[in-house]
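Visitor: So that we are looking at the same thing, I have put the structure below in structure tokens.
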Amino acid sequence: MYESVYDFKAFYNTRLGRIVRRVLQERIRELWPDLNGLSLMGAGYATPYLRIFRQEAQRVFAVMPAGQGAHDWPHEGPNCVALAEQAELPIETNSIDRALMIHNLEYTEFPKPALHEIWRVLKSNGRLLVVVPNRAGLWARADWSPFGQGTPYSLGQLTHALRENLFVHEHTEEALFVPPLKMSYFLKSSGFFERYGRNILPIVAGVHIVEASKQIYASVDRGSGSTVRVRGRGIFIPKPVPNNFNKHRS
């Protein structure tokens with residue numbers, strides 16, 4: 001069971017974990033090619049995917065869930081990791097440009113407060129990137145990996161959860177098509193699986209990667225479309241007055 005951040009850290013120190021990190025880093029970079037001058041927050045266990053942005057983003061830091069603990073990161077320089085409850089982030093409102101949620105949503109018992117907090121700290125033009133295990137994928141069944149723990153999502157469930165928490169679905173990618181096997185043949189062929197899996201059989205992807213923007217204004221309710229009947233009885237309707245009416249009176 002992945003109950004501690006050190007369990008995640010141990011996985012990413014394995015050969016398979018390093019391949020997973022490389023595959024997902026490439027897909028995340030495709031969606032966010034340039035974060036120059038922006039602030040980036042990682043939520044969950046996101047540190048393996050934050051390093052690629054440290055040289056360009058203005059500020060990069062991670063918030064790890066209180067229930068799983070935290071470890072310092074990066075190894076060089078000042079610590080950029082905080083420990084907090086998912087529904088009570090110690091971050092100023094409207095202060096973050098980008099938020100990356102990974103190993104987070106599937107582990108939280110109450111996803112709605114967690115997503116609400118991300119919405120709160122994002123700027124009005126902020127973007128959220130959520131990475132969750134695919135319910136139909138093989139990795140959701142690999143309980144020895146961090147993707148085989150918690151509650152996996154279908155794409156419909158994930159987009160619905162985002163919409164219910166005032167996020168607008170912008171883009172979807174599927175990734176991690178390499179089978180969750182520790183055999184060297186499959187590990188060496190990870191590039192092949194990623195190139196062809198997204199085009200041939202996207203349903204078996206290991207994870208969904210969904211980008212969403214912050215919804216500021218609520219949509220206008222068009223109503224039910226039902227008509228309102230107006231009864232003629234009891235309604236006063238004035239009749240036109242003849243032009244010579246006043247002459248006859250005088």
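Computed from the coordinates by the stated procedures, all read-outs in this text should not be read as laboratory data. Everything numeric in this text was worked out from a predicted model, so none of it was measured. Cβ placement follows ideal geometry from the backbone for every residue including glycine, while neighbour counts extend to all protein chains displayed.
Visitor: Near residue 52, within a Cβ-to-Cβ distance under 11 Å, what is the net charge of the other residues, with Lys and Arg +1 and Asp and Glu -1?
Guide: Numbers: positive: 21, 22, 29, 51, 54; negative: 26, 56.
Taking every Cβ under 11 Å from that of residue 52, the sum is +3.
Visitor: Let me know the Kirkwood hydrodynamic radius for the stretch 44-107, please, with Cα pairs as the basis and the value in Å to one decimal.
Guide: 12.5 Å
Visitor: Could you derive backbone 3J(HN,Hα) for the stretch 76-89 from the dihedral phi with the Karplus parameters 6.51, -1.76 and 1.60 (θ = phi - 60°), listing whole Hz in sequence and x where the residue is Gly or Pro?
Guide: Result, ordered by residue: 9, x, x, 5, 10, 10, 10, 10, 7, 5, 5, 8, 9, 6 Hz.
Visitor: Let me ask another. List 45, 107 from most exposed to least, where exposure is judged by having the fewest other Cβ atoms within 10 Å. Before the final figure, lay out the partial values.
Guide: Numbers: 45 25, 107 21.
Arranged by neighbour count, lowest to highest, 45, 107 become 107, 45.
Visitor: List 9, 182 from most exposed to least, where exposure is judged by having the fewest other Cβ atoms within 10 Å. Let's see the in-between values first.
Guide: Values: 9 15, 182 12.
By the 10 Å Cβ count, ascending: 182, 9.
Visitor: Continuing with the same structure: Mind sorting 168, 20 by how few other Cβ atoms lie within 10 Å of their own Cβ, fewest first? Let's see the in-between values first.
Guide: Values: 168 14, 20 25.
By the 10 Å Cβ count, ascending, the order reads 168, 20.
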